[in-house]
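Presented below is the structure to which this report refers.
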Amino acid sequence: MEGLVRCSANYVPLSPISFLERSASVYRDRVSIVYGNLKYTWRETRERCLRLASAVTQMRISPLDVVAVLAPNIPAMYELHFGIPMAGAVLCSLNIRQDSTMISMLLRHSESKIIFVDYQFLEVALGALELLSKTQTKLPLLVLITEINKPLPNKSKITSSSGYLEYENLLAMGQPNFNIKWPKDEWDPITLNYTSGTTSSPKGVVYSHRGAYLNSLATVLLSNMAPMPVYLWTVPMFHCNGWCFTWGVAVQGGTNVCLRNVSPKGIFDSIALHKVTNMSGAPTVLNMIINAPTSDQKPLPFKVEVITAAAPPPPQVLSKMEEMGFSVTHSYGLTETYGPGTICTWKPEWDSLPSDQRAKIKTRQGLHHNGMEDVDIKDPVTMKSVPPDGKTMGEVMFRGNTVMNGYLKNLKATQEAFSGEWFRTGDLGIKHPDGYIELKDRSKDIIISGGENISTIEVESVLFSHPAILEAAVIGRPDDHWGETPCAFVKLKEGMNATAEEIIKFCRNCLPHYMAPRTIVFEDLPKTSTGKIQKFVLRQKAKAMGSLTKVSKSRL
């Protein structure tokens, strides 16, 4: 078409940095961050982020350089999500539960130039740098994040270290009128996120400014976030950049309530004190809330909107959350999809259904959100969509602008993930007649017993309905006759008792016998820092237990 011109008047590369720019104007004097007695307004947050960007630029950080951070949900962690991209650099948020060996590997792989470290994790970071020094001479500069106006614990360890700057002093070096280095191409990287490594070695997932912008808007929509919300941080900001809520809360000029440590008491106290409207969390966080001691619980000032993701939460957990006054919406995604990729959009015709049926529908993953182009269940070989019959299983696949750019320095893995022009998740699911998808398992977790596919998610849902069970995870245990059979690792509620025989009988009353666990192991479940159960650890334990030759039960 003639007469058209693309220029800065009608085309600006998308970037979530713009959310902060707008909020600092529209909501300038409203509280942006609350952390204990510490508070900042949106105007102050913008100035601090600009100073941060200016300071790291003075430290010779160039566009597309990687800057790492090892910190919990504190104000500095939030500021880094804007300040580092403002300098044109790429933020790499590291898992705070990783040890020094893993941190050193990720620093090497990412080629991070600076690492911001919260005082709580200084020893881990110093250990990582010491390991790194054995293979390279130039190390990332360490910037220490301390608590403002609070004495430092373990101060002797901190003062004995050397060669680091302090975060607040660094900000003081920066200029508040710094010229933001906006991306020239909206596909430019904004963050680098390493997968949790629950099934394999961590991969470096690269996010773009465009994808982060779109997924941030999507999180606002899918969480029913009204203007000026109060958002409680129970999702780690390092995990998928807090499911993009780090930028999403700024869209609506909300208040970020930061928690260094997540606990039932901290959650209920924060909701009551700050009038929290929105929060997010893995099913383990929901489980923590519903099983909180009565002394920790407080009545909600009003209904709190909750987004939950990861493995499908058991219907019993959702029903209890609803009874307590929380409105839970189930989302689904991966690190490779910027966190949330689908949403189980609620329909008013479901309101009249019994509580258990409503909860069962809420465990579905639904359909792609407004930022994602499409999600489908496909045959991984033929790439044909499975019929929407609620039973034919296939692989969950995504396509859209909120799918990662790729895996850093791993072209082979990127090409495999995008084979067939869709992102292959490795998750298995079905499609219902209304088009909503429902996860059945990870392809690695599905149990094949005597030729029958057993969904561990279905078995776990039954286990969660047992009144004595707090947590449960099911994996396949080698079996000489059937190939493998379900093995359940469970943790009982405090003060409750149940035998392996009772639990197996309970499951057999609810499931076909071949799906019921044949082995029950009582112990704490290993988890990642984002609340995901590390099933690969449990599989190793089951393998070490040896093959089953008959029905057996064990109690550890």
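Okay, here's what the table says:
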{"quantity": "Which listed residue is farther than 16 Å from V220 by Cα, of a type in the set (S, T, Y) and assigned to a loop (DSSP other than H, G, I, E, B), from T294, T345", "calculated": "T294"}
{"quantity": "Among the candidates V235, V251, residue that is of a type in the set (V, I, T) and in contact with a strand residue (DSSP E or B) (Cβ under 9 Å, 6 or more places away or on another chain)", "calculated": "V235"}
{"quantity": "Condition met for R28 (assigned to a helix (DSSP H, G or I), over 24 Å from the mean Cα position of the chain (by Cα), at pLDDT 95 or above and closer than 23 Å to V257 by Cβ)", "calculated": "no"}
{"quantity": "Identity of the residue in segment 250-291, among the hydroxyl-bearing types (S, T, Y) and not in a helix (DSSP H, G or I), that ends up farthest from M77 (Cα to Cα)", "calculated": "T277"}
{"quantity": "Given (1) of a type outside the set (A, V, I, L, M); (2) surrounded by 21 or more Cβ atoms within 10 Å (Cβ to Cβ); (3) under 20 Å from the mean Cα position of the chain (by Cα), index of the condition C49 fails", "calculated": "(3)"}
{"quantity": "Conditions (1) touching a Gly at 6+ places or on another chain (Cβ under 6 Å); (2) outside any helix (DSSP H, G or I): number failed by T219", "calculated": "(2)"}
{"quantity": "Qualifying residue in segment 93-106 (condition: of a type in the set (S, T, Y), touching a residue at least 40 places away in the same chain (Cβ under 8 Å) and farther than 25 Å from M279 by Cβ)", "calculated": "no"}
{"quantity": "Qualifying residue in segment 219-234 (condition: surrounded by fewer than 24 Cβ atoms within 10 Å (Cβ to Cβ), at pLDDT 95 or above, over 20 Å from I343 (Cβ atoms) and under 17 Å from the mean Cα position of the chain (by Cα))", "calculated": "no"}
{"quantity": "Segment 383-409, residues that are modelled with pLDDT under 95 and part of a loop (DSSP other than H, G, I, E, B)", "calculated": "G390, K391, T392, M393"}
{"quantity": "Options P512, P517; residue that is over 27 Å from S263 (Cβ atoms) and either modelled with pLDDT of 85 or more or surrounded by 22 or more Cβ atoms within 10 Å (Cβ to Cβ) (or both)", "calculated": "P517"}
{"quantity": "Enumerated helices (runs of 4 or more DSSP H) restricted to segment 67-166, each holding at least 3 residues that are at pLDDT 95 or above and either surrounded by 24 or more Cβ atoms within 10 Å (Cβ to Cβ) or in contact with a strand residue (DSSP E or B) (Cβ under 7 Å, 6 or more places away or on another chain) (or both)", "calculated": "75-86, 100-110, 122-132"}
{"quantity": "Residue in segment 108-118 that is among the hydroxyl-bearing types (S, T, Y), more than 19 Å from D188 (Cβ to Cβ) and in contact with a Leu (Cβ under 8 Å, 6 or more places away or on another chain) present", "calculated": "no"}
{"quantity": "Tabulated pairs, segment 461-481, first among the polar types (S, T, N, Q), second modelled with pLDDT of 85 or more, C-beta under 8 angstrom, 6+ apart or interchain", "calculated": "S465/C510"}
{"quantity": "So V56, is it part of a strand (DSSP E or B) and touching a strand residue (DSSP E or B) at 6+ places or on another chain (Cβ under 8 Å)", "calculated": "no"}
{"quantity": "Residues being within 21 Å of T191 (Cβ to Cβ) and either assigned to a loop (DSSP other than H, G, I, E, B) or not hydroxyl-bearing (S, T, Y) (or both) - total across segment 315-342", "calculated": "7"}
{"quantity": "Selected residue (criterion: farthest from the chain's Cα centre (by Cα)) from residues of segment 271-283 that are touching a residue at least 60 places away in the same chain (Cβ under 8 Å) and surrounded by 20 or more Cβ atoms within 10 Å (Cβ to Cβ)", "calculated": "P283"}
{"quantity": "Filtered residues of segment 483-498 (kept if touching a residue at least 60 places away in the same chain (Cβ under 8 Å) and surrounded by fewer than 22 Cβ atoms within 10 Å (Cβ to Cβ))", "calculated": "K493"}
{"quantity": "One residue from T337, T308, T342, T294 being without any contact (Cβ under 8 Å) to a residue 40 or more places away in the chain and surrounded by 23 or more Cβ atoms within 10 Å (Cβ to Cβ)", "calculated": "T308"}
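Table: residues versus (1) of a type in the set (D, E, K, R); (2) part of a strand (DSSP E or B).
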{"position": "E416", "(1), (2)": "yes, no"}
{"position": "D427", "(1), (2)": "yes, yes"}
{"position": "I430", "(1), (2)": "no, yes"}
{"position": "V459", "(1), (2)": "no, no"}
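The values are calculated or read from the model by the stated rules, or taken from the named source; none is laboratory data. Model, not experiment: these values are computed from the prediction. Quick reminder, even Gly has a Cβ in these numbers, built from the backbone with ideal geometry, and neighbours come from all protein chains shown.
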